[in-house]
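Below you'll find the structure, written out as structure tokens, and then a few comments.
The values are calculated or read from the model by the stated rules, or taken from the named source; none is laboratory data. These numbers come from a predicted model, not from an experiment. Using ideal geometry, Cβ is built from the backbone for each residue, glycine included, and neighbour counts are taken over all protein chains shown. In case anyone asks, the SASA skips ligands and DNA or RNA and just uses the protein heavy atoms, side chains included. Shrake-Rupley method; radii C 1.70, N 1.55, O 1.52, S 1.80 Å.
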Amino acid sequence: MWRATIKGLWAHKVRLGLTALAVVLGVAFVSGTYILTDTMNKAFDSLFSTVEKGVAVDVSGIPQFTANGPDSQAAGSAERVPQSLLDQIKQVEGVRTAEGSLGGYAQPVDKTGQAIKTGGAPNLGFSWVYDPDLASVTLTQGTPPKGASQVAIDAGTAQKYGFHVGDPIKILLQGPPMQATVSGIFRFGSANNLLGATIVSFDPPTAQRALVGGGAWDDVLVAAESGVSPSELANRIQNILPKGFQAKTGQQAAADNSATIKKGLSFFNIVLLVFAGIALFVGAFIIFNTFSILIAQRTRELALLRALGASPAQVRRSVLIESVIVGLIASAVGLLAGFGIALGLKGLLKAFGLELPTTSNQLLPRTIIVAFAVGTITTLVASVGPALRAARVRPIEALRDAGPTADRVTRRRVISGSLLLLAGIAALLTGLFAGPTQPAAFVGLGAALVFFGVAVLSPLVVRPVAGVLAAPLRRLGVSGRLGRENAIRNPRRTASTASALMIGLALVAMVSILGASIKASTNDVLERTLRADFLVSGSGGFQPFSQDVADSLRKTGAFSAVAQYRNGVVGIHGNATDIGAVDPSQIEAVADFPMTAGSLSALGKDGLLVYSTTAKNNGWSVGTVVPVQFARTGTQNLRVVGIYSDNTLFGNYLMSLETFDANFTQQLDQFVLATTAPGVSDAQAQEAVKSVQKAFPSVEIQNQAQFREAQAKQIDQLLGLITALLGLAILIAFFGIVNTLALSVHERTHEIGLLRAVGFSRRQTRTMVRWEAVIMAVFGAVLGTAVGIFFGWTMVWALHDQGLTVLAFAPGQLITYVVIAGLIGVLAAAWPARRAAKLDILRAITTE
């Protein structure tokens with residue numbers, strides 16, 4: 001049986017190679033993701049170990065609340081170290097020197113007057129550290145900054161934007177902008193900058209003013225005297241520190257800083273693995289289909305083995321061993337291809353402004369194990385069904401033709417498919433609406449079961465749906481009619497092939513509906529609630545900006561109301577939660593703010609406004625005291641003073657700007673709304689806007705129509721990226737159609753030979769195969785679009801409380817996807833069609 005298995009593999013090497021390609025692509029994405037993230041982790045560990053190597057002890061405030069992932073930075077900084085405590089640290093025995101380090105927002109302006117945008121990385125400002133053992137940067141040109149008119153900048157920004165020592169430069173700050181001269185250019189450890197961020201450094205006195213330090217420091221960096229160990233010195237310093245502050249060794253601080261950045265980027269790893277999982281899920285359908293067809297074609301061969309004494313278990317093991325060998329080979333190739341995927345993902349990060357420190361690619365044992373486990377197990381599981389079917393082949397089948405048996409709609413298929421579909425819908429709805437502890441797991445399981453259920457039931461609708469889709473082909477001659485008949489003669493095979501494409505198209509259609517719904521909901525919100533004439537947002541709509549922008553708008557006299565909005569992340573019930581901050585005296589002049597209880601004017605110090613659904617879910621009412629955790633000040637008791645009924649513009653929680661500034665270290669605006677004053681013409685308002693935008697080039701000031709257009713572009717860019725990543729699943733489905741057609745052509749060799757013998761031309765043969773592929777692809781697209789519409793509807797329904805209030809479709813996009821699916825079918829048919837047309841007529845006729 002072992003020799004028979006190897007010979008079977010070799011006899012079908014091309015077809016199994018096409019099957020393995022589906023696994024290769026999925027495994028490559030998984031291994032590439034791990035290689036990239038492990039490389040990133042190694043780079044950050046090395047980078048921070050280098051920059052902290054001379055620091056014996058690092059003293060900082062203890063964060064009273066921390067958040068993981070993308071929310072980690074928005075949670076804010078801990079309480080800063082006061083100057084008085086720095087003076088005490090300098091007196092501790094064993095301290096050679098100590099310097100304060102302060103960081104904050106500082107955005108340089110390029111030589112054309114445009115604020116430098118990083119595509120997502122922050123614009124950082126730091127105080128210069130003079131002691132060479134404590135400095136985290138290395139000066140490569142010029143001198144350290146000195147005085148209020150000098151700054152040093154990172155080498156990456158200097159190279160990209162053409163700055164040299166002595167050049168003038170404008171820096172945008174939390175307060176008024178600063179005009180300065182570049183005194184020096186530096187590197188951050190061995191890197192030109194940090195993750196694509198811009199870095200500006202000031203001398204310590206200037207940093208206190210520019211970064212609003214208030215005479216305190218984010219960290220105190222300590223160098224030890226000779227012979228004093230870092231751990232010993234850290235213990236001595238910890239003994240003099242008041243509650244809320246901590247002393248770490250430099251090595252521990254480096255590890256913590258690296259871990260913070262890695263946590264912040266961990267969501268990227270998760271997102272990529274989700275797309276890799278989708279690709280493997282699609283690949284499993286291809287594997288199942290290929291092995292099913294091969295088993296059907298090898299019925300006589302398997303029956304002969306049974307007649308010669310092979311047991312059902314031996315036949316079953318033979319097929320499973322074939323799948324394991326295919327899985328192992330595909331996993332090995334996928335692991336090697338993962339290096340290319342990692343390189344491509346690194347380039348993608350760079351395109352978004354996140355440039356990684358250089359280091360060698362990291363291939364850890366975990367990546368190898370995961371790659372082989374994922375590829376082999378996926379292939380093995382997908383082949384279990386065909387293996388069981390092979391074991392049921394009876395010896396008498398050796399006397400019959402090896403053609404495919406007719407498909408029958410069995411009661412078992414209807415029942416099992418219906419149960420899978422219902423279970424999937426139940427799990428999906430549970431994850432979206434029931435609030436389980438792991439909602440993502442329920443949603444993922446539900447989506448997978450829905451796909452399985454639709455795939456199991458889809459053979460029932462192949463004939464009627466494909467018949468409708470292929471009805472025009474009857475008018476296109478014999479080739480069109482035969483292509484239609486070939487597509488529907490084996491509904492199970494057609495449905496299985498189309499199911500792989502269905503998954504990719506369903507997810508793409510869902511993304512399309514989500515995008516259209518988000519844009520429609522945004523427009524609806526702006527029309528219903530927004531009274532402001534102008535909206536101010538940061539670079540690309542993401543970066544926060546100076547609160548002096550709002551002050552400058554007020555000073556123009558062109559606006560009757562200017563309302564600032566800030567936001568951050570706090571802990572409520574131990575969970576990271578977004579919270580906004582507004583000035584209650586201004587907000588009603590720029591937006592409709594419907595209250596159901598309490599008063600907006602009551603929002604003062606230590607007050608809290610809550611969205612009605614959030615209040616209901618938590619059992620809160622006006623007067624309820626809510627413990628809220630802040631990274632800087634710890635737990636603060638905020639009292640609910642009002643409940644509002646529309647959260648689409650301001651989220652679920654609002655505090656006053658006064659409360660925000662008292663509990664967050666950095667006070668930057670996320671957006672500003674401005675209403676034109678009575679008697680001020682549009683031209684005068686636009687002139688005032690231009691003057692402010694010229695002074696603060698980091699912001700975009702737009703009217704409502706411009707803002708809607710900009711928001712739509714941002715949504716389209718994000719959804720375009722998601723669709724591009726889903727393209728991997730569609731690519732795998734493409735190879736699935738190629739594989740199915742190639743196997744189908746081989747199976748119908750005798751039939752095609754007879755057609756050619758009675759006058760069927762090569763061109764007609766190619767056309768017949770192409771139409772068969774088009775029907776498969778369009779059937780999968782139609783099925784996927786239907787499932788995608790269902791998924792889109794459930795997602796919009798689930799996100800209603802998060803502001804997604806309008807269900808909208810993009811019919812043009814959905815029709816385009818179906819047309820593209822047809823083109824995919826034409827491309828997928830190219831090779832099998834050529835093979836069919838080139839068959840030798842005599843040999844084909846004599847083939848049994």
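Structure above, values below:
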read-out: List Glu93, Glu79, ordered by accessible area with a 1.4 Å probe, largest first; value: Glu93, Glu79
read-out: Rounded to the nearest 10 Å², the accessible area of Glu232 at probe 1.4 Å; value: 80 Å²
read-out: Alpha carbon convex hull of region 681-824, projected area averaged over orientations, nm²; value: 14.5 nm²
read-out: Distant-in-sequence amide H partners of Thr249 (H built 1.01 Å from N, under 5 Å); value: Asp58
read-out: Region 777-845: mean projected area of Cα convex hull, nm²; value: 6.3 nm²
read-out: Once the Cα gyration tensor of region 540-596 is diagonalised, semi-axes √(5λ) in Å; value: 26, 17, 9
read-out: Longest to shortest principal axis, alpha-carbon extents of region 718-763, angstrom; value: 55, 19, 8
read-out: Exposure of Ile518 as accessible area (Å², to 10), given a probe of 1.4 Å and all protein chains; value: 60 Å²
read-out: Trypsin sites (Lys or Arg not before Pro) restricted to DSSP loop in region 224-310 with at most 11 other C-beta within 10 Å; value: Lys243
read-out: For Tyr653, solvent-accessible area (1.4 Å; no DNA, RNA or ligand), Å²; value: 20 Å²
read-out: Per residue value of the accessible surface for the chain (all protein chains in place, 1.4 Å probe), Å²; value: 43 Å²
read-out: Phi-based couplings in Hz for region 420-427 (Karplus 6.51, -1.76, 1.60; Gly and Pro marked x); value: 4, 5, 5, 5, x, 5, 5, 5
read-out: Amide hydrogen neighbours beyond the local backbone of Ala561, cut-off 5 Å, H modeled; value: Thr675
read-out: 20 °C / 1.002 mPa s Stokes-Einstein diffusion coefficient of the chain, Kirkwood radius on C-alpha pairs, µm²/s; value: 69 µm²/s
read-out: In order through region 301-317: 3J(HN,Hα) via Karplus (6.51 cos²θ - 1.76 cosθ + 1.60), integer Hz, x for Gly, Pro; value: 4, 5, 5, 5, 4, 5, 5, 7, x, 5, 7, x, 5, 5, 5, 4, 5
read-out: Using θ = phi - 60° and Karplus 6.51 cos²θ - 1.76 cosθ + 1.60, couplings along region 147-162 (whole Hz; Gly, Pro as x); value: x, 6, 10, 10, 9, 10, 10, 6, 5, x, 5, 4, 5, 5, 10, x
read-out: Share, in percent, of DSSP beta bridges within the chain that are antiparallel, nearest 5; value: 80 percent
read-out: Residues whose placed amide H lies under 5 Å from that of Arg531, excluding near-sequence neighbours; value: Ala591, Asp592
read-out: Accessible-area composition of region 129-211, carbon plus sulfur, in percent [1.4 Å probe]; value: 55 percent
read-out: Cα pair distances exceeding 16 angstrom across region 673-714, given as percent; value: 44 percent
read-out: Farthest toward positive dipole pole in the chain [+1 Lys/Arg, -1 Asp/Glu at C-beta], among Pro108, His800, Ala576; value: His800
read-out: Spread of Cα-to-Cα distances over 5 Å intervals beginning at zero, given as percent, for region 605-718; value: 2, 9, 14, 15, 14, 14, 14, 12, 5, 1
read-out: Carbon and sulfur %, accessible surface of region 277-326 computed with the full protein complex present, 1.4 Å; value: 68 percent
read-out: Rg and Dmax [Cα atoms of region 141-205; Å; Rg one decimal, Dmax integer]; value: 11.1, 33
read-out: Accessible-area composition of region 511-623, carbon plus sulfur, in percent [1.4 Å probe]; value: 44 percent
